[in-house]
1. Mind telling me which of the residues 12, 76 ends up being buried (at least 17 other Cβ atoms within 10 Å of the Cβ) and more than 30 Å from residue 135 (Cα to Cα)?
2. Assuming residue 49 fulfils every condition listed in (1) modelled with pLDDT under 95; (2) surrounded by fewer than 18 Cβ atoms within 10 Å (Cβ to Cβ) apart from one, which condition is it?
3. Consider residue 244 against the criteria (1) touching a residue at least 60 places away in the same chain (Cβ under 8 Å); (2) within 26 Å of the chain's Cα centre (by Cα); (3) not in a loop (DSSP other than H, G, I, E, B): it satisfies all of them except one. Which criterion is unmet?
4. Considering the stretch 205-238 alone, what residues qualify as being surrounded by fewer than 21 Cβ atoms within 10 Å (Cβ to Cβ), within 16 Å of residue 259 (Cα to Cα) and in contact (Cβ under 8 Å) with a residue 40 or more places away in the chain?
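The values are calculated or read from the model by the stated rules, or taken from the named source; none is laboratory data. Predicted, not measured: the structure shown is a model, and the values here were computed from it. Glycine also receives a Cβ, built like all others from the backbone with ideal geometry; neighbour counts cover every protein chain displayed.
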């Protein structure tokens, strides 16, 4: 089968189209013909992990160290990237009961990756579900990673109807999903992003969009029940004045300092820092499928590239100009 393989860390040019051995499903696995996958932040980091120092990494040193061990110090242990996908089941292992050949599915492979390929195998009880009936393979492929993360994290702070929520980093994979999920739960949502992505975040359904080049949300006098910072670009001290009483400052990316702040604010004060890790569950993917079929989550796709132009897709994502998701069609 054809796959995009990287044998060394580096620029997008390390991604090469190769012929590799097609996987064979174990008894509890399904073989999936991949039709679409994506270029997400995690793919960019994994491709060039050699140059990701502890300072550049968005998590504490210990997380960086374990990630280095997993992905490889000098050269990549994960040679085929791509963590989310949509496709069709080609065959199943003898013990599989949840799926059958020809089922259209979408899912998330996590750090094991491997979706930049014509075929993948995964356990039937992995993060895998039947594709929403009202979406294309491309539209389904862009959802799992960001939406599972956002749903899981927002549930930790009980986002609900009537809450005022600000999403800092609203145009990324997790942020764009967070905007839509918070709206689904009835919150009033403000998205913060850069100038080129303002219209994109508006299209996601945000009640208000702040261009951070033109306005500092911490100085506009507005207060929120929740400030959700995706990549840790703000600070609790800077945002504290923008939180309502009993408000939460939620971080998906954090360092030791923020962990200590979480400990401190859990004991003192009524404004809390929450550093959270998502726990991926197939139940969340099934819930997201329902939301997509109800039209509550939309996929905004900027560009599609064929598998052989995956390096070009990575180059484009790294320009920072994308307005929506970048899809690789297989």
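1. Step by step, each of 12, 76 is checked, and only 76 is buried (at least 17 other Cβ atoms within 10 Å of the Cβ) and more than 30 Å from residue 135 (Cα to Cα).
2. Of everything listed in (1) modelled with pLDDT under 95; (2) surrounded by fewer than 18 Cβ atoms within 10 Å (Cβ to Cβ), residue 49 misses just condition (2).
3. Every condition holds for residue 244 apart from (2).
4. 231, 232, 233
Condition check ((1) more than 20 Å from residue 251 (Cβ to Cβ); (2) outside any helix (DSSP H, G or I)) across all residues:
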{"site": "178", "(1), (2)": "no, no"}
{"site": "182", "(1), (2)": "no, no"}
{"site": "189", "(1), (2)": "no, yes"}
{"site": "199", "(1), (2)": "yes, no"}
{"site": "213", "(1), (2)": "yes, yes"}
{"site": "218", "(1), (2)": "no, no"}
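Residue-by-condition table, conditions (1) at pLDDT 95 or above; (2) within 21 Å of residue 307 (Cα to Cα):
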| residue | (1), (2) |
| --- | --- |
| 43 | yes, yes |
| 103 | yes, no |
| 111 | no, yes |
| 140 | yes, yes |
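Residue-by-condition table, conditions (1) surrounded by fewer than 17 Cβ atoms within 10 Å (Cβ to Cβ); (2) in a helix (DSSP H, G or I):
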{"residue": "274", "(1), (2)": "no, no"}
{"residue": "292", "(1), (2)": "no, yes"}
{"residue": "304", "(1), (2)": "yes, no"}
{"residue": "328", "(1), (2)": "no, no"}
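For (1) modelled with pLDDT under 95; (2) closer than 30 Å to residue 131 by Cβ, each residue gets a yes or a no:
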{"site": "179", "(1), (2)": "no, yes"}
{"site": "183", "(1), (2)": "no, yes"}
{"site": "187", "(1), (2)": "no, yes"}
{"site": "197", "(1), (2)": "yes, yes"}
{"site": "214", "(1), (2)": "no, no"}
{"site": "269", "(1), (2)": "yes, no"}
{"site": "274", "(1), (2)": "no, no"}
{"site": "286", "(1), (2)": "no, yes"}
{"site": "296", "(1), (2)": "yes, yes"}
